[in-house]
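The values are calculated or read from the model by the stated rules, or taken from the named source; none is laboratory data. Only a predicted model underlies this, so the values are computations on that prediction, with no experimental measurement involved. Quick reminder, even Gly has a Cβ in these numbers, built from the backbone with ideal geometry, and neighbours come from all protein chains shown. Quick note on the areas: whole protein, heavy atoms, side chains included, nothing else; ligands and nucleic acids left out. Shrake-Rupley method; radii C 1.70, N 1.55, O 1.52, S 1.80 Å.
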Amino acid sequence: MGVIGTAEIVVKALTFDQVKSEVLTRVNDPLGDTYSDRAKELVYEGICALALGDYSRDGYPILAKTETYGAGGDHQIQINGASSVLSNPVLRIVGVVDEQLISAQFDTTPYRFIPIDSAKYNRLHYEDERPFDDEIYYYREGDFLYLYPYGRAAGNVLISYIASPDDYGDDDIMTDGYSLDFLYKVIDYSVGRIREEQAGE
């Protein structure tokens, strides 16, 4: 019986400099005499804009993080700044999950974490706005994630979030952490912004 061969898929590697250079070429500034610094800024801006938009997390796995935090009854968790409990600066919280729901080892009742906005938080003094016994509300304000009711989250929680991109050097391989489609959409975004600026000059 013959052995079925497997085709090796080769993904084109793009460095940060190549991404930026593609932007500059498309705006007729291949040497970067005019828009080099702006193109670099817009690549970062494009990465953040797409990651915060509807683009699938598969396109930017390097920014899609999940970390365990021992809540220990805390009602506020610092997620940015020098005392952050997370390893990376946070662009957006994607979700919070009781670790017991993932491990299926229920020592106590697992909680469902429900995101709310500040308007909802301001209505919690109404009985019908409060969470059920198996729920914990959370919302972000500045560098902190707030939990309600206070003290209910006693165990470990999994915090999924979109991290801020690193400060890349010219030779860093961007395709190690981003899909090609994502990077080309970042290029399109950056080119579009520069063309808008050119049109307004």
For this session: Go through TYR55, ASN28, ILE79 and say which Cα lies farthest out towards the positive end of the charge dipole of the range 27-81; charges sit on Cβ, +1 for Lys and Arg, -1 for Asp and Glu.
Result: ILE79
Exercise. Which one of LEU124, GLY200, TYR137 is farthest out on the positive end of the charge dipole of the range 88-201, using unit charges on Cβ (Lys, Arg +1; Asp, Glu -1) and the Cα centre as origin?
Worked result: LEU124
Exercise. Got a number for carbon plus sulfur as a percent of the range 92-198's accessible area, 1.4 Å probe?
Worked result: 47
Exercise. How far is it, in nm, from the label point at ARG195 to the one at THR25 when both lie 7 Å from their Cα along the line to the Cβ?
Worked result: 1.7
Exercise. Straight-line reach from LYS65: which lysines have Cα under 25 Å away, leaving out those fewer than 8 places along the same chain?
Worked result: LYS12, LYS40, LYS185
Seminar exercise, completed: Once phi for every residue in the range 79-86 is put through the Karplus expression 6.51 cos²θ - 1.76 cosθ + 1.60 (θ = phi - 60°), the whole-Hz ³J(HN,Hα) values, with Gly and Pro written as x, are 10, 9, x, 4, 9, 4, 7, 9
Problem set entry | Linear extension gain, ALA154 paired with THR109, 0.36 nm per residue minus alpha-carbon span | 15.1 nm
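Would you please report the Å³ per residue occupied by the convex hull of the alpha carbon atoms in the range 79-201? Write down the numbers at each step before the final one.
Details: hull volume 24.4 nm³, N = 123.
Given the Cα convex hull of the range 79-201, per-residue volume reads 198 Å³.
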For this session: Note down the magnitude of the dipole of the range 136-180 about its Cα centre, charges +1 on Lys and Arg C-beta and -1 on Asp and Glu C-beta and zero elsewhere, to the nearest 20 debye.
Result: 680
For this session: State, to one decimal in nm, how far the label point of SER87 lies from the label point of ASN122, with both points 7 Å from Cα in the Cβ direction.
Result: 3.8
Exercise. Using θ = phi - 60° and the Karplus curve 6.51 cos²θ - 1.76 cosθ + 1.60, what whole-Hz ³J(HN,Hα) does each residue of the range 149-157 get, with Gly and Pro shown as x?
Worked result: x, 4, x, 6, 7, 9, x, 7, 10
For this session: Please work out how much length the chain gains when fully extended from VAL94 to LEU52, using 0.36 nm per residue of separation minus the C-alpha to C-alpha distance, in nm with one decimal.
Result: 14.1 nm
Exercise. Along the charge dipole of the range 144-201, which of ALA163, PRO149, LEU183 sits closest to the positive end, that is, farthest toward it, with unit charges on the beta carbon of Lys, Arg, Asp and Glu (+1, +1, -1, -1)?
Worked result: PRO149
For this session: Report, by chain and number, residues whose modeled amide H sits under 5 Å from the one on LEU91, excluding near sequence neighbours (fewer than 5 apart, same chain).
Result: ILE162, ALA163, SER164
Problem set entry | Cut-off under 5 Å, modelled amide H: who pairs with PHE113 long-range | ASP98, ILE136
Problem set entry | Solvent-accessible area per residue, Å², over the chain with all protein chains present [probe radius 1.4 Å] | 58
Problem set entry | Accessible area of PHE132 in the full protein assembly, 1.4 Å probe (Å², nearest 10) | 140
For this session: Quick one: dipole size for the chain, taken about the Cα centre, charges +1 on Lys/Arg Cβ and -1 on Asp/Glu Cβ, in debye to the nearest 20.
Result: 300
For this session: Pop the C-beta distance of LEU101 and ASP171 into the FRET formula with R0 = 30 Å and round what comes out to the nearest 0.05.
Result: 0.10
Problem set entry | the chain, helix-only ellipticity at 222 nm - DSSP H runs n ≥ 4, -39,500 (n - 2.57), divided by all residues, nearest 500 | -8500 deg cm²/dmol
